[in-house]
Amino acid sequence: MKYKEIIKGQKAEYVRTITEKDIQLFAEVSGDLNPVHMDEDYAKTTMFKGRIAHGMLSVSFISTTLASQLPGPGTIYLKQEVVFKRPVRIGDTITTQVEVISKNDEKNHLTLKTTCINQQEELVVMGEALVMLLD
């Protein structure tokens, strides 16, 4: 999508259900082997009472949405602010939403509200992204 075609308020979303394989692959590629993600027995002793997905796995779905839908191919990630609100678990279906909240025409920059919501419509991740388009 071309920068000039994008309007304030425009939205896109991506939906994915978290699997054991997702967590295993994310741990492998990131090197994050924290036992709260990998070891059920350990995770049961924590405040989460069981394994949780990597927070950055959910954030990666924001990147997916930006790169594949809005703005789409040619998007360069410049900044992402993120707040983790709730844990995500195996079997959760995460809906990632992005919404254009401002445009900087001089730099071809977009600021987008970014959220991830679970199947109970609970906010799990919230934030704001700054991206640039290679028009």
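Label point 7 Å out from Val15 along Cα-to-Cβ: which residues of region 109-135 have amide N under 17 Å? Those under the cut-off are 115-124. Only helices enter the 222 nm calculation for the chain: every DSSP H run of n ≥ 4 contributes -39,500 (n - 2.57), and dividing by all residues gives -7000 deg cm²/dmol, rounded to 500. Shape descriptor for the chain: Rg over Rh equals 1.03 (Cα atoms; Rh from the Kirkwood inverse mean 1/r). The residues Val98, Val15, Val29, Val88, when put in order of fewest to most other Cβ atoms within 10 Å, stand as Val29, Val15, Val88, Val98.
Spacing of the modelled spin labels on Lys107 and Ser30, each 7 Å from Cα toward Cβ, amounts to 2.7 nm.
Values quoted throughout were computed directly from the atomic coordinates according to the rules given, and no laboratory measurement underlies them. This is a predicted model, so every value here is computed, not measured. For neighbour counting, all protein chains shown are included, and Cβ atoms are generated from backbone atoms with ideal geometry for every residue, glycine included.
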